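Notes follow the structure.
The values are calculated or read from the model by the stated rules, or taken from the named source; none is laboratory data. Owing to the predicted nature of the structure, the values given are computational and were not obtained by experimental measurement. With ideal geometry, Cβ positions are generated from the backbone for all residues, glycine too; neighbour counts draw on all protein chains shown. What goes into the accessible areas is simple: the full protein's heavy atoms, side chains included, and nothing from ligands, DNA or RNA. Shrake-Rupley method; radii C 1.70, N 1.55, O 1.52, S 1.80 Å.
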Amino acid sequence: MGMEIPFDVANIPGPEMGEVAPPEVIGNYISSAKRPLLVVGSEILRDDFFLETAIEIGKKGIPIAATGHSIRGFVEKGYTENVSYYNLHELTNCLRDPSWKGLDGKGNYDFVIFFGIVYYYASQMLSCIKNFAIDPLIRAVSIDRYYHPQARMSFTNISPKMEEGYKDMLNRLVSSVK
Amino acid sequence: MEALKKGRIFTISDLQNVRISIGEIVEEEREWEPMGPTPMPSISTLRGWDFTLLNRYKPFYAPFCDMCCLCTYGKCDLSGNKKGACGIRMDAQHGRIVLLACLVGCSAHCGHGRHLLHDMIKKFGGDVPIDFGPEVDVEAPLTRLVCGIKPKTIRDYEKVFDYIEEQIVQLADALHTGQEGSYMDFESKALHMGMLDSLSKEAADIIQIACYGMPTSYEGGGPDVPLVDVGIGTIDMTKPVVLVIGHNVPPAADIGDYLTENGLEDKVELAGICCTSIDTARVYKKAKIAAALGRQLRVIRMGIADVIVVDEQCIRADILELCQRVHSPLIVTNDKAMHGLVDRTDDDADKIVDDLVSGRVPGVVILDPEQVGEVAVKTVIQMDKKRKGLNLILSDEEFTYYVNDCIQCGNCTLACPNGLRIGEANQSAASGTIEPLANLFDLCVGCGRCEQVCKKHIPIIDVITKAAYPQIKEEKGRMRIGRGPVWDSEIRDVGAPIVLGTIPGIIAPIGCGNYPNGTKDAWLIVKEFAERNYIITLTGCMAIDAALWKDEEGKTVYEQHHGRFDAGGVLNIGSCVSNAHIHDAAIKVASIFAGRPLRGNYEEIADYILSRVGACGVAWGAMSQKAASIATGFNRLGVPAVVGPHGAKYRRAFLGRPDLKEDWKIIDATDGSEVYVEPGPQDLLVACETVEEALPMMAKLCFRPSDTDRGRSIKLTHYIDLNLKYLNAYPPDWHLFVRTATDLPIAKKAELLKKLEDEQGWEIDWKMKKIKEGPIRGYDPSFNPTNLKRLIREKK
Ligand code: SF4
Ligand code: SF4
Ligand code: SF4
């Protein structure tokens, strides 16, 4: 089997590289989390579908950290239930500290899902989590249309031609999150 | 020999067997200000200050690579914060990489400055006075602050560079395997390197200002500097065009001199890219600024230049290949970037011209800047004739062929730093809609990676250029030329409003063009803050890119706003080395306005700036190692910086934690009491994903503990308003910055008090419209914030 190509082709971190997985596998993996957090970025604003997907995940009880200017979309949709603005750098800085109290004051998370974040910024933050949020471990996955080697699991690179297919993958993922 | 007397001029060559006593010079130095505690600090001198910063703004690492391959024990896999064979952990290794980046950046500025000094002493002698006119008495704040030296002539910079170079070597030593092992100490060293970087920049700019008569506070300088044309569309391609690229102005200045002396100013275009172009415009009135760094490859590929002259830094490594492709001879003028060409410095000018024009050689090295003008101009005049009729813009047929030939394989997208969807845009162009492809022109950072991987050999850059060509021809901006120092008189006028907060902040857009979403963000940042009465001080590529865009009236930000260092001003300070004057403005607020001792007193001045000067840098397209050392230099001085998302690849950030109360304990110098304060500024280095996020972030990073209630209410107004405008929501942390009801924006006071009561559970006295309980601290107008115990006036 050939090696999966990172979306930014030279973004090969080292021996530890994440797997490419189908939506159901990532969905089940998310379901195994005790305290998951959905981290979304400004790319979810490129199409209503992605915003709706984030909200659906939020409605499953997974809190949302809205980074970049993605909070705009949630406010416009009137969904502010479990969403807070956070700068991605500042959020990741908190995530690496086991004693952080979380968005709700109840403690740090054991699982983060990255969605709709500018690729290279997301990759750097996933790298911080992979390398420093290790005790206790925070597992990180990406559900963007990119292969993210710094995440434990992600989709493969999905070309714009396959946008509908990608949307379908997200639907399947959301239904498999219990 | 007689002791040296003040003002007595002699030359060393007149004297033999002389021992010079420096006793009297020391005495003279004492006259201007007593020496402070830390002149010429070494690696560990300011470590205490660094640790104060690093304990609040803990280094955050996002490895770009999990491995280290610096010695033959390796490669070592450091993932999961493991140790390498030498014992270094991932975090320390990343501190090491950051120090290395700052070393490279600082060396570039120091090397540039030293090189300039050599050339200037050779050309003008060492006695060129440093005199910036009636409005600038404190001519070299960083030199005074760091070295304890008040430079009178450019020769005084010999000892400044001696100091910097020695420190650079000591810091480079710390990088060796088996030296430093603590990430905190690596960062302290990086901060030291950052400070040296800022000093190097100041030295370089002061030397060139003094020698070339660049704008100062003499007539026509400061706010009154003229405007210069910016943009590819401003270049008259019917004339011979010399294109200068880089950062070191002497060769370009010599071209300008040669054109002037030979009456050719209107016959030959002298245009530039990057900082050399900014500095050329400071010395040669007819200079034009073709573009900032991000367009280098494309300007060359368009074939605009009949001769290309490069000096140092940010020049493409494949410059020679690019020049050959467009049949432009290359003249390289700096021994740090010789590109394999033959050194012809001592050859006859006409012979060199002949070789270049005939194509016998693709380029030459000429290391004496005073020989460049003649060769470049004589060559360009002949090359212009030779290159007439050469059209490097694709024909319509070629364009149609290429966009139809694209198979949308996506290889180019995977190679593109911005992940641009080129295949899609080609497809759309093939079906008749060119706009998506044309739009890529500004989003592209001009790296050329896409073309190398296209299996169909599509010249992607030329295809995008062709699509955007009608708009490129109309790219005609205007920019103030680099004004250099902020005047002491300006500082006297605005010192109080800055420290009190009624001028809500100084925003400093600086650095390179690796933007996430094109140059328009640079314009938007300037426009948004200038309209809100912040002071905007630009340098380098962001100063150029901000000039490319216009408002509804067709005016650029430089034409729309005044150039004073005052509320609403938009100042082009100059090139990258000029951005030392932004440090200098902050330092002068502390020394001139607040009367803090300056000489050799780094820690106290930095402490003052961190607590009271609401300044925030923004390097939205930070790319180079120089940008790393520049930001780190700002940080040591207490100035935070925001970077664009590519900036996360610098691997390290300095992020504060508002949720950790103990991190925000500072001292009231009046009585030594300890006070928990709001997180102002919250971070020293942070990346934002989009400009919409960055705008409110910059406003946030302008809060300072010293703000008066009036100042705080103005800062809060902008912070909240920018959040509402760009994020459509209140910032979740705005309440942290409220100390008293008078801190609240007046127009929204009742609404905000209600929010504080409902959302934060604060106790409000509604009758008095006052806050009874809730804030981190109350507002105390006499609060005298400091992080330094030694500044306590009277112990409680
Ligand atoms: S310097 Fe240290 S971490 Fe790097 S390769 Fe050598 S032993 Fe490994
Ligand atoms: S690499 Fe070439 S063929 Fe493939 S999408 Fe890009 S331009 Fe088209
Ligand atoms: S040249 Fe432009 S389009 Fe091509 S890879 Fe670089 S940034 Fe992307």
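A few comments on the model shown:
- Taking each residue of segment B:81-103 that is closer than 21 Å to B:S198 by Cβ and looking for partners that are modelled with pLDDT of 95 or more and among the acidic types (D, E) with beta-carbon atoms closer than 9 Å, six or more apart or interchain, yields B:G95/B:E180; B:G95/B:D185; B:G95/B:E187; B:V98/B:E187; B:L99/B:E180; B:L99/B:E187; B:C102/B:D197.
- Unique residue being open to solvent by less than 10 Å² (accessible area, probe 1.4 Å), under 25 Å from the mean Cα position of the chain (by Cα) and farther than 19 Å from B:Y515 by Cβ when the list is B:V613, B:V618: B:V613
- Restricting attention to segment B:517-529, the residues that are more than 19 Å from B:A281 (Cβ to Cβ) and surrounded by 24 or more Cβ atoms within 10 Å (Cβ to Cβ) total 3.
- Scanning segment B:51-67 for residues that are open to solvent by 20 Å² or more (accessible area, probe 1.4 Å) and either touching a helix residue (DSSP H, G or I) at 6+ places or on another chain (Cβ under 6 Å) or within 9 Å of ligand 1 (Cβ to nearest atom) (or both), we see that the one that is nearest to the other protein chains (Cβ to nearest Cβ) is B:M67.
Yes or no, residue by residue, for (1) in the same structural domain as B:T52 (by TED's automatic domain parsing); (2) open to solvent by 30 Å² or more (accessible area, probe 1.4 Å); (3) in a loop (DSSP other than H, G, I, E, B):
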site	(1), (2), (3)
B:T742	no, yes, no
B:A747	no, yes, no
B:A750	no, yes, no
B:I764	no, no, no
B:M768	no, yes, yes
B:Y779	no, yes, yes
B:S782	no, yes, yes
B:R790	no, yes, no
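- Filter result (over 14 Å from B:C576 (Cβ atoms), open to solvent by less than 10 Å² (accessible area, probe 1.4 Å) and aromatic (F, W, Y)) within segment B:625-657: B:F654
- Of all the residues in segment B:344-396, those that are aliphatic (A, V, I, L, M) and either within 18 Å of B:V249 (Cα to Cα) or outside any helix (DSSP H, G or I) (or both) number 13.
- Looking only at segment B:68-93, and only at residues there that are in a helix (DSSP H, G or I) and at the interface with another protein chain (Cβ under 9 Å from one of its Cβ atoms), the one that is farthest from ligand 1 (Cβ to nearest atom): B:D91
- Scope segment B:331-343; condition of a type outside the set (S, T, Y) and crowded, with 24+ Cβ neighbours inside 10 Å; matching residues: B:I331, B:V332
- When the criteria are applied in full, A:M153 meets the requirement of being more than 10 Å from chain B (Cβ to nearest Cβ) and either within 30 Å of A:V9 (Cα to Cα) or surrounded by 16 or more Cβ atoms within 10 Å (Cβ to Cβ) (or both).
- Scanning segment B:685-697 turns up one or more residues that are within 14 Å of chain A (Cβ to nearest Cβ), open to solvent by 10 Å² or more (accessible area, probe 1.4 Å) and assigned to a loop (DSSP other than H, G, I, E, B).
- Conditions (1) open to solvent by 20 Å² or more (accessible area, probe 1.4 Å); (2) within 27 Å of B:G644 (Cα to Cα); (3) more than 8 Å from every other protein chain (Cβ to nearest Cβ): number failed by A:F111: (1)
- Of all residues in segment B:447-483, those satisfying the criterion of being over 24 Å from the mean Cα position of the chain (by Cα), of a type in the set (D, E, K, R) and surrounded by fewer than 21 Cβ atoms within 10 Å (Cβ to Cβ) are B:R449, B:E451, B:K455, B:K456, B:D462, B:K473, B:E474.
One line per residue, one yes/no per condition, for (1) of a type outside the set (G, A, S); (2) more than 25 Å from B:W549 (Cβ to Cβ); (3) away from ligand 1 (no atom under 16 Å from the Cβ):
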| position | (1), (2), (3) |
| --- | --- |
| B:T413 | yes, yes, yes |
| B:G419 | no, no, yes |
| B:I422 | yes, no, yes |
| B:A425 | no, no, yes |
| B:C454 | yes, yes, yes |
| B:D462 | yes, no, yes |
| B:K466 | yes, no, yes |
| B:K476 | yes, no, yes |
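- In segment B:287-304 there is no residue that is open to solvent by less than 10 Å² (accessible area, probe 1.4 Å), more than 16 Å from ligand 3 (Cβ to nearest atom) and of a type outside the set (A, V, I, L, M, F, W, C).
- Residue match in segment B:446-454 (condition: of a type in the set (D, E, K, R) and within 16 Å of ligand 3 (Cβ to nearest atom)): yes
- Among residues of segment B:431-460 that are away from chain A (no Cβ under 14 Å) and closer than 19 Å to B:G294 by Cβ, those with a Cβ under 6 angstrom from a residue that is of a type in the set (S, T, Y) and more than 10 Å from ligand 3 (Cβ to nearest atom), sequence gap 6+ or separate chain, pair up as B:D442/B:T519.
- The residue list B:R564, B:R596 contains one member that is surrounded by fewer than 24 Cβ atoms within 10 Å (Cβ to Cβ), in contact with a Phe, Trp or Tyr (Cβ under 6 Å, 6 or more places away or on another chain) and in a loop (DSSP other than H, G, I, E, B), which is B:R596.
Conditions (1) within 14 Å of chain A (Cβ to nearest Cβ); (2) in a loop (DSSP other than H, G, I, E, B); (3) within 15 Å of B:L199 (Cβ to Cβ), marked per residue:
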| position | (1), (2), (3) |
| --- | --- |
| B:A628 | no, no, no |
| B:G638 | no, yes, no |
| B:V642 | yes, no, no |
| B:G647 | yes, no, no |
| B:F654 | yes, no, no |
| B:D659 | yes, yes, no |
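- Failed item, numbered, when B:L99 is tested on (1) in contact with a strand residue (DSSP E or B) (Cβ under 9 Å, 6 or more places away or on another chain); (2) crowded, with 24+ Cβ neighbours inside 10 Å: (1)
- Per the listing B:A425, B:A430, the residue uniquely over 28 Å from the mean Cα position of the chain (by Cα) and more than 10 Å from ligand 2 (Cβ to nearest atom) is B:A430.
- Test: B:R532 is more than 16 Å from ligand 2 (Cβ to nearest atom), open to solvent by 10 Å² or more (accessible area, probe 1.4 Å) and either farther than 22 Å from B:L701 by Cα or in contact with a helix residue (DSSP H, G or I) (Cβ under 8 Å, 6 or more places away or on another chain) (or both): yes
- Count of segment A:64-92 residues, restricted to those that are open to solvent by 10 Å² or more (accessible area, probe 1.4 Å) and within 7 Å of chain B (Cβ to nearest Cβ), is 8.
- There is at least one residue in segment A:49-61 that is within 26 Å of B:T413 (Cβ to Cβ), out of contact with any Ser or Thr (no Cβ under 6 Å at 6 or more places or on another chain) and within 14 Å of another protein chain (Cβ to nearest Cβ).
- Residue in segment A:15-22 that is at pLDDT below 95 and facing chain B (nearest Cβ under 8 Å) present: yes
- Test result for A:I5, β-branched (V, I, T), within 14 Å of chain B (Cβ to nearest Cβ) and open to solvent by 20 Å² or more (accessible area, probe 1.4 Å): yes
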